[in-house]
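Colleague: Got a structure for you, questions after.
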Amino acid sequence: MNKANLYQQANGVQRRDAMEILKEYAPLISCPRDGEEVALLDIGCGSGDVLVDYILPVLSRGSTPVARALATDISEQMVRHARESYRHVKTIEFDTLDIGIKLDSAKLSRWGQFSHVTSFYCLHWVQNQHVAFSNIYNLLQHGGDCLLVFLANNPIFDIYNQLSRSPKWSKYMYDVEKYISPYQYCENPASEIEDLLCTVGFQQYQIQVRDKLYVYEGLDNLKRAVLAVNPFSERMPPELQDRFLLDYIAVVRQMYLTKTGSEENDCNLQFISPYKLVVVYAKK
């Protein structure tokens, strides 16, 4: 998940969902209190394009513009790429952050608190959900709100599980459980998330778990999307990376996640990805 250029080319599903959800929640998150300085924290900013193209424009619709924005990601490479790509946007500071590790008082003091926290397609990579939600609560000002969007489940995690059991790939996927959503096999993710929100201190919140579908048009588009977020291929020698992709595609076919048009060829293939998306809006 350190391939910033590739990620920016292959994050169509992330951009689509962010645009739709921000449009829906704009009336809630773009209404600052009187005299409030709008400060935004974006967790898991990736290549930075969702923040700049969608989040900031929504928050800037109100009478008070965004005074400061802190864009964070666990990947130093992503942060460097985003900082370079958007160095002309003077209101944004970029920094590394592992939201799954309890923040120390020095970092909290340096950053201060925020009127808004956003996170799109990040929190499903965090295994310690309690620490993540607790950090978010502590980073919010009193009266501040957060909009958090992440995967409950996705076929990609089942594919990782299946490939990790192969002797060919097991030595490269020894920690596969770190890269599977904590809610992948949860029967009622909304209930678990509600318990977390209450435990860390949130009292006003709404949780939705939505059934979604995304179609990757053509084999090349799917390969780019897989490579952009696949944490295992970087551990493999170059000559095995293509083989891993081929095995990945074979599992996709076995799971009946493909369909073709009138002619069966790589360009005409459609790869269907059904998934459940969690949308959390909470206010401190």
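Colleague: Using only Cα atoms and rounding to the nearest 10 degrees, what angle (0 to 90) does helix 129-139 make with the longest principal axis of the chain?
Modeller: It is inclined by approximately 30 degrees.
Colleague: A further question on this structure: Between the range 63-118 and the range 172-232, how far is it from one alpha carbon centroid to the other, in angstrom?
Modeller: About 22 Å separates the Cα centre of the range 63-118 from the one of the range 172-232.
Colleague: Please determine, in degrees from 0 to 90 and to the nearest 10, the orientation of helix 238-254 with respect to the longest principal axis defined by the Cα atoms of the chain, where the helix direction is its Cα long axis.
Modeller: The helix 238-254 is inclined about 90 degrees to the chain.
Colleague: Restrict the search to the range 23-92; then list the trypsin sites (Lys or Arg not before Pro) that DSSP places in a loop and that have at most 16 other Cβ atoms within 10 Å of their Cβ.
Modeller: Of the trypsin sites (Lys or Arg not before Pro), the ones in loops of the range 23-92 whose Cβ has at most 16 other Cβ atoms within 10 Å are Arg33, Arg61, Arg87, Lys90.
Colleague: Cα axis of helix 76-85 to longest principal axis of the chain: angle in degrees, 0 to 90, nearest 10?
Modeller: 70 degrees
Colleague: For Rg/Rh (Cα atoms, Kirkwood Rh), several values are listed as (i) 1.05; (ii) 0.94; (iii) 0.97; flag the one computed from this structure.
Modeller: (iii)
Colleague: From the residues Ser85, Ser166, Gly46, which one has its Cα farthest along the dipole of the chain in the positive direction, the dipole being from +1 and -1 charges on Cβ of Lys/Arg and Asp/Glu about the Cα centre?
Modeller: So the residue we want is Ser85.
Colleague: Taking only protein heavy atoms and a 1.4 Å probe, what accessible area per residue, in Å², does the chain have with all protein chains in place?
Modeller: 47 Å²
Colleague: Moving to a separate point now. How far, in nm, would the chain grow between Gln254 and Thr91 when pulled straight, counting 0.36 nm per residue and subtracting the alpha carbon separation? Before the final figure, lay out the partial values.
Modeller: Numbers: separation 163, 0.36 × 163 = 58.68 nm, distance 4.76 nm.
Stretched out fully, the Gln254 to Thr91 stretch lengthens by 53.9 nm.
Colleague: Apply the Karplus curve 6.51 cos²θ - 1.76 cosθ + 1.60, θ = phi - 60°, to the phi angles in the range 43-57 and return the couplings in whole Hz, x for Gly and Pro.
Modeller: Whole-Hz 3J(HN,Hα) from phi for the range 43-57: 9, x, 5, x, 7, x, 6, 5, 4, 6, 7, 10, 5, 4, x.
Colleague: Could you give the longest part of the chain that holds none of the GluC sites (Glu not before Pro) found in DSSP loops with at most 11 neighbouring Cβ atoms within 10 Å?
Modeller: No qualifying site falls inside 1-186, the longest such stretch.
Colleague: Would you mind telling me the share, in percent, of accessible area of the chain contributed by carbon and sulfur at probe 1.4 angstrom?
Modeller: Here carbon and sulfur together make up 49 percent of the probe-accessible area.
Colleague: Still on this model: In nm, to one decimal, how far is the modelled label at Lys102 from the one at Ala190, with both set 7 Å along Cα→Cβ?
Modeller: With each label placed 7 Å out from Cα toward Cβ, I get 3.2 nm.
Colleague: Taking the Cα-to-Cβ direction at Gln77 and at Glu36 and moving 7 Å from each Cα, how far apart do the two end points lie in nm?
Modeller: Reported label-point gap for Gln77 and Glu36 is 3.8 nm.
Colleague: Here's a follow-up. In the chain, if the dipole is taken from +1 on Lys/Arg beta carbons and -1 on Asp/Glu beta carbons about the Cα centre, which of Thr258, Ile101, Val278 is farthest to the positive end?
Modeller: The one lying farthest along the dipole's positive direction is Ile101.
Colleague: Ok, one more. Taking the Cα centre of the range 64-159 as origin and charging only Cβ (+1 Lys, Arg; -1 Asp, Glu), how large is the dipole, in debye to the nearest 20?
Modeller: Here the range 64-159 has a charge dipole of around 340 debye.
Colleague: Using 0.36 nm per residue, how much length does the chain from Leu28 to His130 gain when fully extended, once their Cα-Cα distance is taken away? Each step should come with its number before you reach the end.
Modeller: Values: separation 102, 0.36 × 102 = 36.72 nm, distance 2.48 nm.
That pair, Leu28 and His130, stretches by 34.2 nm at full extension.
The values are calculated or read from the model by the stated rules, or taken from the named source; none is laboratory data. In this text the structure is predicted, and so the values were computed from the model without any measurement. For neighbour counting, all protein chains shown are included, and Cβ atoms are generated from backbone atoms with ideal geometry for every residue, glycine included. These accessible areas exclude ligands, DNA and RNA; they are computed on the full protein's heavy atoms, side chains included. Shrake-Rupley method; radii C 1.70, N 1.55, O 1.52, S 1.80 Å.
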